[in-house]
Amino acid sequence: MSLEEHQRAAPKSIACAVITISDTRDAASDSGGGYLVEALTAAGHTVARREIVQDRERDIVTAVRSAAADPAVELVLATGGTGIAPRDVTFASLRGIFDSEIPGFGELFRWLSYQEIQSATILSRAVGGLVHGKVVLAMPGSPKALRLAMEKIVLPQAGHLVAQTRRAP
C-alpha cells in the first residue's frame, strides 16, 4: 500500500489520553492540556483520559503506563517537562519505559521548531515511543510549541500512527 492509501485507511477518530506534567499547573491553569483537548476534539477525536501529574519520574511513569494500558485509549499525548532544567524529567522517564522509540517525532518537531525559534530549539527534548503497543508523544508545555506539534505533526498523523500499531506482525 502507498503512503496515501495507508493514510486514507487510517481511522478518522481515535481516543486519546492527555497528560500534563507540571509542578505548577492545576485543572484551572492547565492551558496546555486544555489546548490539546480542544485541538483533538476539533479534529474529531475523543479524549478518554485527562490528568495532571507532578514532574517526578514515578508519577510520569505511572500515568503513562496506566493510560497506555487502558483499552479505551489509542494515543497518549503528554505535555510539559521536556526542557533541560534539572526538574524536567519527562524525557528520561519516558525513554526508560519505551518498548521502542519513534525518533522521527522529536527530530521533526525540532526541525519545524527551528524555523520559528532558531537555535533555541536545542532546549527541547520532545520525544515519542511505544508503551504497551500504544504511541506516546511527549511535547513541550509552551502553547506555541504545542500548536506547532499538533498542527504540523500529531493531527495529520494521529490516525496513521494508531493504524500502524494495530497491524499484525
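FYI, it's all coordinate maths here, none of it is from the lab. Remember, it's a predicted structure, so these values are computed and weren't measured experimentally. Cβ: placed from backbone, ideal geometry, glycine included. Neighbour counts: every protein chain shown.
I'm trying to understand the selection: among the residues of region 103-132, which are within 22 Å of R167 (Cβ to Cβ) and without any contact (Cβ under 8 Å) to a residue 40 or more places away in the chain?
Result: P103, G104, G128, G129, L130.
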Practice problem: Please report, ordered by residue number, the helices (runs of 4 or more DSSP H) entirely within region 1-77 with at least 3 residues that are within 23 Å of T90 (Cα to Cα). | Solution: 31-42, 57-69
Self-check item: Some residue of region 47-54 being under 17 Å from F98 (Cα atoms) and either free of Cβ contacts under 8 Å to residues at least 40 places away in the same chain or surrounded by 17 or more Cβ atoms within 10 Å (Cβ to Cβ) (or both)
Solution: no
Quiz item: With F91, F105 as the choices, which residue is among the aromatic types (F, W, Y) and in contact with a Ser or Thr (Cβ under 7 Å, 6 or more places away or on another chain)?
Solution: F91
Exercise. For region 151-166, state whether one or more residues are under 23 Å from S29 (Cα atoms), β-branched (V, I, T) and in contact with a Lys or Arg (Cβ under 9 Å, 6 or more places away or on another chain).
Key: no
Quiz item: Listed residues S2, S31, S22, S13; which is small (G, A, S) and buried (at least 18 other Cβ atoms within 10 Å of the Cβ)?
Solution: S22
Quiz item: Could you say whether any residue in region 92-109 is assigned to a strand (DSSP E or B), under 23 Å from S13 (Cβ atoms) and among the small types (G, A, S)?
Solution: no
Quiz item: Counting only residues that are among the charged types (D, E, K, R) and either in contact with a Leu (Cβ under 7 Å, 6 or more places away or on another chain) or surrounded by fewer than 18 Cβ atoms within 10 Å (Cβ to Cβ) (or both), which one in region 102-132 is farthest from D70 (Cα to Cα)?
Solution: E116
Quiz item: Does G96 satisfy being within 28 Å of A120 (Cβ to Cβ) and crowded, with 22+ Cβ neighbours inside 10 Å?
Solution: no
Quiz item: Considering S93, S13, S22, S2, which residue is more than 17 Å from V135 (Cα to Cα), touching a residue at least 24 places away in the same chain (Cβ under 8 Å) and among the hydroxyl-bearing types (S, T, Y)?
Solution: S22
